[in-house]
Amino acid sequence: MTANFPRMTFPNESSAYREARNALLDAEIALRRQTETVAEMRRGLPPGGEVPEDFEFERIGANHRPEKVRLSQLFGEFPSIMLYSFMFGPERDTPCPGCTHLLDGIDGSAEHVAQRAPFYVVSRSPIARLEALAHERGWDHLAMLSTAGNSYSDHYYGNTSALTPAMREHRGFKNGENWDEPMLNVFRKDGDRVSHFWGSELVFAPDEPGQNHRAMDFADPVWGLLDTIPEGRGETFFPKLSYA
């Protein structure tokens with residue numbers, strides 16, 4: 001549906017430009033509407049499956065001492081939490097640049113997001129290694145959790161070991177070869193019951209031609225900003241850990 005309202009103009013633009021820009025604006029309005037439709041569908045999901053166990057993580061607690069914390073304890077006063085699986089397992093010498101640039105951006109948002117729901121970054125590396133990286137990157141607002149010793153990633157697709165044989169075959173993954181994957185999971189607590197609410201399954205959906213999965217683009221300012229310039233994202237650019 002084309003919106004009927006007075007349109008903007010900029011100095012010295014041509015009629016061809018304005019015609020094309022107005023058509024684009026109509027598409028942007030439709031995308032905005034579709035984005036909210038998808039968000040409503042997500043919010044309206046029925047309860048997901050109850051977690052198979054109250055996973056125990058490690059974090060840095062009071063007086064900078066490592067401590068154990070259960071999944072059920074991560075909610076605090078909130079009914080929902082978000083856990084992002086970060087590709088920085090113990091076998092990696094350096095963290096995934098894709099995950100890292102995303103978390104660079106989310107760190108600035110995390111303080112605000114935490115007013116509505118806690119956001120945690122989880123990885124299989126020891127908590128000391130995760131905290132050292134967070135300090136190096138200047139992540140002041142991200143809460144780091146180590147999944148070392150628990151099976152959280154195996155259940156909630158933070159690792160390819162969670163993939164079914166059919167999924168592995170479809171993606172061309174060999175049996176017995178596993179690595180960490182980026183995955184955002186949302187959990188809900190109702191009384192003593194903790195259940196899964198939503199996961200970024202688009203990570204594992206078939207890519208569109210010329211695209212990657214784009215599963216976390218809704219939270220990624222880098223790609224959103226680059227989509228506004230004539231050059232776009234480019235075919236070869238990908239964020240790096242450092243540009244020095």
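The values are calculated or read from the model by the stated rules, or taken from the named source; none is laboratory data. Please read these numbers as outputs of a predicted model, since none were measured by experiment. Quick reminder, even Gly has a Cβ in these numbers, built from the backbone with ideal geometry, and neighbours come from all protein chains shown. Surface accessibility is based on the protein's heavy atoms, side chains included, excluding ligands, DNA and RNA. Shrake-Rupley method; radii C 1.70, N 1.55, O 1.52, S 1.80 Å.
Taking amide H positions as modeled 1.01 Å from N, with prolines and chain starts lacking one, the residues under 5 Å from MET183 and 5 or more places away or on another chain are SER85.
Give the angle, between 0 and 90 degrees and rounded to the nearest 10, that separates the Cα long axis of helix 127-137 from the longest principal axis of the Cα atoms of the chain. On a 0 to 90 degree scale, this one is about 30. Three semi-axes describe the equivalent ellipsoid of region 96-217; taken as square roots of 5 times the Cα gyration tensor eigenvalues and ordered largest first, they are 25, 18, 16 Å. Computed on region 157-244, the Cα convex hull volume stands at 174 Å³ per residue. Per residue, the accessible area of region 112-154 comes to 48 Å² when a 1.4 Å probe rolls over the protein heavy atoms. Annotation: Cα Rg of region 78-122 relative to the compact-globule expectation 2.2 N^0.38 Å equals 1.27. Evaluated with a Cβ-only charge set (Lys, Arg +1; Asp, Glu -1), the chain carries a dipole of roughly 240 debye about its Cα centre, given to the nearest 20. Label reach from LEU241 (point 7 Å along Cα→C-beta): in region 103-146, amide nitrogens under 17 Å belong to 103-105, 123-139. Remark: region 98-114, residue by residue, has Karplus-estimated 3J(HN,Hα) of x, 4, 5, 5, 4, 5, 4, x, 5, 4, x, 8, 4, 4, 6, 4, 5 Hz, where x stands for each Gly or Pro and the curve is 6.51 cos²θ - 1.76 cosθ + 1.60 at θ = phi - 60°.
Express the relative contact order of the chain as a whole percentage, based on alpha carbon pairs under 8 Å and six or more residues apart in sequence. Relative CO of the chain lands at 20 percent.
Here region 104-163 is treated as a sphere whose radius is the Kirkwood value from Cα pairs; by Stokes-Einstein at 20 °C and 1.002 mPa s it diffuses with a coefficient of 171 µm²/s. Per residue, the chain reaches -9500 deg cm²/dmol at 222 nm when only DSSP H runs of four or more residues are counted, each adding -39500 (n - 2.57).
Put a dot 7 Å past the Cα of PHE5, heading toward its Cβ, do the same for ASN22, and the two dots end up 1.5 nm apart. Please report, as a whole percent, how much of the solvent-accessible surface of the chain comes from carbon and sulfur atoms (probe radius 1.4 Å). Answer for the chain is 54 percent, counting heavy atoms of protein chains only. Summarising the amide proton neighbourhood of TRP198: residues at separation of 5 or more, or on other chains, whose placed amide H is nearer than 5 Å comprise VAL186.
Among the chymotrypsin sites (Phe, Trp or Tyr not before Pro) in region 170-244, those placed in a DSSP loop whose Cβ has at most 11 other Cβ atoms within 10 Å are PHE237, TYR243. Taking the Cα atoms of region 1-127, the ratio Rg/Rh between the radius of gyration and the Kirkwood radius comes to 1.15. The alpha carbon radius of gyration of region 183-231, expressed as a multiple of 2.2 N^0.38 Å, is 1.59.
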